[in-house]
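Remarks on the structure that follows.
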Amino acid sequence: MNRHHLRFVLPQYIEHKVPANVRLHVWTNSIAWLALTTMLSQVRLPFGVAPGAVPLLGANLGTALLFLSVLYWLPVDALVALAVAALTTAWAALPLSPWGPGHGWLAGVALPLAAFVAMGLTALYAHVFHHEHADFMKGGPAGSVVLEATHAVVWGPFHFVLLAALQAGWRPRLRAELDAAERDALRHREQVPWMNWAKLAGCRAKLVSAPRSTTELVEAVRDARAQGLRVRVVASGFSWSSVVPSDGALIFCERLEGVEVDVSDPARPTVWAEAGVTNRRLNEELARFGLCMPWNVVLETVRIAGIVSTGTHGTGKATATMGDLVEALEIVDAEGRLRTLSEETVGAEVMNAARSGLGLFGVIARVKLRVAPMRRVRQTDQRMPVREMLANLTAMIAAHQSVELYWFPFNDDAWVRTIDPTDAPRTKHGHGFWFKAQNFVQNIWAVLFFKLVMRFARSLTPALLRVAFRMLPFQTRVLDLPQSHHYRHWIELMPAGCMEVGFKADADGANVRRAWEATERLVDAYARRGLYPLNISLNVRFIGSSRTLLTPAYGEGTTCYIEIMWMGRPEGWEEFSSDLCREWLAMPGALPHWSKEFEHVRNVVPMLRANLGDRRERFLAALTRSGVDPDGVFFNALLRRVLTDEAPAA
């Protein structure tokens with residue numbers, strides 16, 4: 001491929017790797033192309049060209065664009081160019097096609113324009129669904145970025161038919177050429193801006209790389225080390241806190257996507273998942289063997305290394321953190337050496353630190369996880385008065401495998417979800433296309449109305465929350481366990497704030513009730529001032545005990561995780577969330593969720609250290625014993641501030 005075409009094809013080749021996303025882009029871009037050329041076909045060519053000079057297509061601007069485009073793309077791939085030409089000609093020849101002058105503004109312009117915009121939005125949201133953003137490619141000159149984007153919009157079908165063909169095995173030499181160019185592009189990029197999903201923490205890394213193999217990962221760490229740079233790793237970036245940013249080297253792990261399922265011991269199946277594997281891909285691979293994750297987080301698009309490292313969790317009194325499923329970690333240490341951490345190689349105490357190690361125990365290449373046979377659960381959503389729910393809390397926890405509580409402020413009732421194992425057949429209410437479409441519409445509706453209310457009529461917040469609660473579907477469904485884990489889709493579309501704290505629940509649930517009632521009290525107090533900082537929900541989940549040192553679930557007993565979510569940055573949110581977090585952190589052993597919001601809370605570091613007790617020293621001692629990072633290469637400013645006595649770097 002010549003240098004000119006490579007410049008434009010390579011960014012699309014790099015960004016679009018999920019086959020389902022590429023296939024969707026073939027459809028959306030083909031329809032958008034037909035819409036674009038149809039609009040242009042309404043204009044006759046000047047220069048006295050006879051209307052019938054071009055059979056079927058006619059002498060118009062649409063035909064001219066097609067002719068020039070085919071000539072432009074022939075050097076890249078003749079079959080692709082001819083396929084797009086055949087598609088366009090077939091469309092123009094259809095009896096009811098609005099191709100050519102004389103079809104009027106509605107059929108010839110307005111409807112094609114609507115189709116063009118609709119296909120563009122569909123392609124955009126496909127990137128959200130598949131979490132393909134190629135953030136590591138950002139930072140180029142603005143003019144080049146605009147030119148490359150325009151190229152992809154105008155000649156979309158040429159790009160994506162080619163990519164689909166290459167994925168299907170077409171022209172392996174061309175694919176090898178693009179692979180080599182991709183490796184060069186991803187190995188070493190400089191001054192790349194990065195921002196987490198919540199747009200609260202970011203950096204401009206001096207060195208960025210996106211390795212595609214363990215070998216390239218080792219090279220990336222060694223390159224950073226040779227330049228004397230600190231190293232952090234980003235997975236999906238779906239976070240709120242500053243746990244990721246590094247102005248030194250930032251390694252994107254999303255191209256590490258290998259999955260190896262091990263069923264050699266049927267009684268204890270495991271899976272080796274590379275760092276960048278998403279939950280969606282992991283679930284698909286496990287399902288092929290009749291397996292699933294015993295517990296998991298809600299999001300499907302987050303990546304394994306990220307959810308393990310930050311102490312994330314699911315729900316259920318027999319569950320623990322994601323790190324508790326880890327049996328071994330294959331990591332690259334600060335010297336660029338590939339090592340395996342397990343209880344056999346480094347001991348139980350080091351593994352209890354490394355399982356949720358916040359990226360401090362090396363750059364994760366692969367994770368070995370304990371998995372379980374696929375099973376079904378009965379998921380029941382019911383409406384219950386808040387006071388009744390709080391009074392019966394301990395009884396509900398005892399009676400069910402999992403209990404989740406949701407409260408939309410200014411409602412007298414709560415949404416109570418219980419989950420229990422069952423052998424009953426699956427119901428028809430699965431998580432298929434219509435379920436995902438419903439989630440999409442609900443989230444778009446929520447974003448639109450909440451933003452309008454916050455901007456123009458915040459006093460309507462209580463009414464909006466009451467309406468939202470009444471729209472919830474209260475029902476019982478029988479689902480495969482992974483569908484129960486990932487019960488909500490398109491969460492990425494909602495620009496929500498999130499703060500979560502965990503603590504050991506009292507046997508009688510007294511401290512859980514105090515935490516809940518503190519939220520109600522502050523919501524009412526701020527509402528009396530005309531402020532509504534908590535404008536989405538309060539959520540409570542319960543898990544069991546954990547071995548991971550830095551999580552609030554560490555040790556015996558049931559752990560309560562209590563969380564608030566709010567849309568945007570409503571007036572009073574910082575004061576409200578800080579006051580509430582301090583009340584929650586007053587519970588013995590309470591700790592914030594590492595990847596969510598807590599840095600703005602007044603005096604949070606002394607409170608956090610006090611509640612960690614000796615576990616902070618044990619964690620740091622385990623890190624030293626591991627020998628992974630004697631010079632603190634993997635620390636960033638937040639982790640130094642929280643875990644060590646060293647002042648953050650300026």
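Taking the conditions exactly as written (over 22 Å from M351 (Cα atoms), under 29 Å from the mean Cα position of the chain (by Cα) and surrounded by fewer than 15 Cβ atoms within 10 Å (Cβ to Cβ)), does V605 satisfy them or not? Walk me through how you get there before you give the answer.
Values: over 22 Å from M351 (Cα atoms): yes; under 29 Å from the mean Cα position of the chain (by Cα): yes; surrounded by fewer than 15 Cβ atoms within 10 Å (Cβ to Cβ): yes.
Here the answer is yes, as V605 does meet what is asked.
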So which residues in segment 405-421 are under 30 Å from the mean Cα position of the chain (by Cα) and assigned to a strand (DSSP E or B), if there are any at all? L405, Y406, W407, A414, W415, V416, R417, T418, I419, D420, P421
Please go through segment 67-101 and pick out each residue that is open to solvent by less than 50 Å² (accessible area, probe 1.4 Å), among the aromatic types (F, W, Y) and in a helix (DSSP H, G or I). W73
Restricting the search to segment 13-27, which residues are farther than 18 Å from E182 by Cβ and under 18 Å from the mean Cα position of the chain (by Cα)? A20
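Please determine whether any residue of segment 581-594 is in contact with an Asp or Glu (Cβ under 8 Å, 6 or more places away or on another chain), farther than 23 Å from E404 by Cα, not hydroxyl-bearing (S, T, Y) and not in a loop (DSSP other than H, G, I, E, B).
Start the filter on segment 581-594 by keeping residues that are in contact with an Asp or Glu (Cβ under 8 Å, 6 or more places away or on another chain), which leaves 592-593.
With the extra rule that they be farther than 23 Å from E404 by Cα, the set shrinks to none.
No: segment 581-594 contains no residue that is in contact with an Asp or Glu (Cβ under 8 Å, 6 or more places away or on another chain), farther than 23 Å from E404 by Cα, not hydroxyl-bearing (S, T, Y) and not in a loop (DSSP other than H, G, I, E, B).
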I need every pair where a residue in segment 597-621 that is under 18 Å from K504 (Cβ atoms) has its Cβ under 9 Å from the Cβ of a residue that is surrounded by 18 or more Cβ atoms within 10 Å (Cβ to Cβ) and of a type in the set (F, W, Y), sequence separation at least 6 or different chains. L608/F598; N611/F503; L612/F619; R615/Y554
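Restricting attention to segment 122-180, and to residues there that are part of a loop (DSSP other than H, G, I, E, B) and at pLDDT 95 or above, which single residue is nearest to M494 (Cα to Cα)?
Only one residue fits best here, namely W155.
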Which listed residue is among the hydroxyl-bearing types (S, T, Y), open to solvent by 10 Å² or more (accessible area, probe 1.4 Å), within 25 Å of V233 (Cβ to Cβ) and in contact with a Leu (Cβ under 9 Å, 6 or more places away or on another chain), from T551, T644, T624: T644
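How about segment 194-221: which of its residues are part of a loop (DSSP other than H, G, I, E, B) and more than 30 Å from W490 (Cβ to Cβ)?
Quick first cut of segment 194-221, residues part of a loop (DSSP other than H, G, I, E, B) only: 196-201, 206, 210-213.
If the condition is that a residue be part of a loop (DSSP other than H, G, I, E, B) and more than 30 Å from W490 (Cβ to Cβ), then K206, S213 are the ones that fit.
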Residue count for segment 497-530, restricted to those that are open to solvent by 10 Å² or more (accessible area, probe 1.4 Å) and not in a helix (DSSP H, G or I): 7
Can you tell me which condition N636 does not meet? The list is (1) open to solvent by less than 30 Å² (accessible area, probe 1.4 Å); (2) farther than 30 Å from T340 by Cβ; (3) modelled with pLDDT of 95 or more, and all the others hold. (2)
Under 8 Å between Cβ atoms, which residue pairs at least 6 apart in sequence (or on different chains) link something in segment 168-184 that is touching a residue at least 24 places away in the same chain (Cβ under 8 Å) with a partner that is part of a loop (DSSP other than H, G, I, E, B) and among the hydrophobic types (A, V, I, L, M, F, W, C)? L174/M1; E177/M1; L178/M1
Tell me, yes or no, whether segment 421-430 has at least one residue that is under 18 Å from M565 (Cα atoms) and touching a residue at least 12 places away in the same chain (Cβ under 8 Å). no
So A220 passes all but one of these: (1) crowded, with 17+ Cβ neighbours inside 10 Å; (2) among the small types (G, A, S); (3) more than 30 Å from N2 (Cβ to Cβ). Which condition number does it fail? (3)
For L96, which of the numbered conditions (1) touching a Leu at 6+ places or on another chain (Cβ under 7 Å); (2) over 15 Å from L36 (Cβ atoms) fails to hold? (1)
Lone unmet requirement of (1) touching a Gly at 6+ places or on another chain (Cβ under 6 Å); (2) open to solvent by 30 Å² or more (accessible area, probe 1.4 Å); (3) in contact (Cβ under 8 Å) with a residue 60 or more places away in the chain for P193: (3)
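So, in segment 339-348, of the ones that are open to solvent by 30 Å² or more (accessible area, probe 1.4 Å), out of contact with any Asp or Glu (no Cβ under 7 Å at 6 or more places or on another chain) and not acidic (D, E), which residue ends up nearest to E556 (Cα to Cα)?
Looking at residues that are open to solvent by 30 Å² or more (accessible area, probe 1.4 Å), out of contact with any Asp or Glu (no Cβ under 7 Å at 6 or more places or on another chain) and not acidic (D, E), I get A348.
Would you confirm whether any residue within segment 534-543 is in a loop (DSSP other than H, G, I, E, B) and either hydroxyl-bearing (S, T, Y) or open to solvent by 60 Å² or more (accessible area, probe 1.4 Å) (or both)? Step through it out loud before you land on a result.
Within segment 534-543, the first condition is being in a loop (DSSP other than H, G, I, E, B), and the residues that meet it are 534-536.
Applying the additional criterion that residues be either hydroxyl-bearing (S, T, Y) or open to solvent by 60 Å² or more (accessible area, probe 1.4 Å) (or both) yields none.
There is no residue in segment 534-543 that is in a loop (DSSP other than H, G, I, E, B) and either hydroxyl-bearing (S, T, Y) or open to solvent by 60 Å² or more (accessible area, probe 1.4 Å) (or both).
Among G323, G336, G258, G316, which is open to solvent by less than 10 Å² (accessible area, probe 1.4 Å), more than 28 Å from R417 (Cβ to Cβ) and at pLDDT 95 or above?
On the way: G323 fails: more than 28 Å from R417 (Cβ to Cβ); G258 fails: open to solvent by less than 10 Å² (accessible area, probe 1.4 Å); G316 fails: more than 28 Å from R417 (Cβ to Cβ).
So the residue among G323, G336, G258, G316 that is open to solvent by less than 10 Å² (accessible area, probe 1.4 Å), more than 28 Å from R417 (Cβ to Cβ) and at pLDDT 95 or above is G336.
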Within segment 422-451, how many residues are more than 19 Å from the chain's Cα centre (by Cα), surrounded by 15 or more Cβ atoms within 10 Å (Cβ to Cβ) and not hydrophobic (A, V, I, L, M, F, W, C)? 1
Residue by residue through segment 380-408, note down the ones that are open to solvent by less than 10 Å² (accessible area, probe 1.4 Å) and without any contact (Cβ under 8 Å) to a residue 12 or more places away in the chain. none
With surrounded by fewer than 20 Cβ atoms within 10 Å (Cβ to Cβ), part of a helix (DSSP H, G or I) and under 33 Å from the mean Cα position of the chain (by Cα) as the only criterion, which of L10, L36 stands out? L10
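Of the residues A275, A287, only one is surrounded by 24 or more Cβ atoms within 10 Å (Cβ to Cβ) and either of a type in the set (A, V, I, L, M) or touching a residue at least 40 places away in the same chain (Cβ under 8 Å) (or both); which?
Working: A287 fails: surrounded by 24 or more Cβ atoms within 10 Å (Cβ to Cβ).
After applying the criteria, what remains is A275.
For every residue, the table says whether it meets (1) in contact with a Pro (Cβ under 7 Å, 6 or more places away or on another chain); (2) open to solvent by less than 30 Å² (accessible area, probe 1.4 Å); (3) closer than 30 Å to L6 by Cβ.
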{"site": "R175", "(1), (2), (3)": "no, no, yes"}
{"site": "V231", "(1), (2), (3)": "no, yes, no"}
{"site": "A235", "(1), (2), (3)": "no, yes, yes"}
{"site": "G248", "(1), (2), (3)": "no, yes, no"}
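The values are calculated or read from the model by the stated rules, or taken from the named source; none is laboratory data. Since we're looking at a predicted model, the values are computed, not measured. For neighbour counting, all protein chains shown are included, and Cβ atoms are generated from backbone atoms with ideal geometry for every residue, glycine included. Accessible surface is based on the protein model in full, side chains and every heavy atom, while ligands, DNA and RNA are left aside. Shrake-Rupley method; radii C 1.70, N 1.55, O 1.52, S 1.80 Å.
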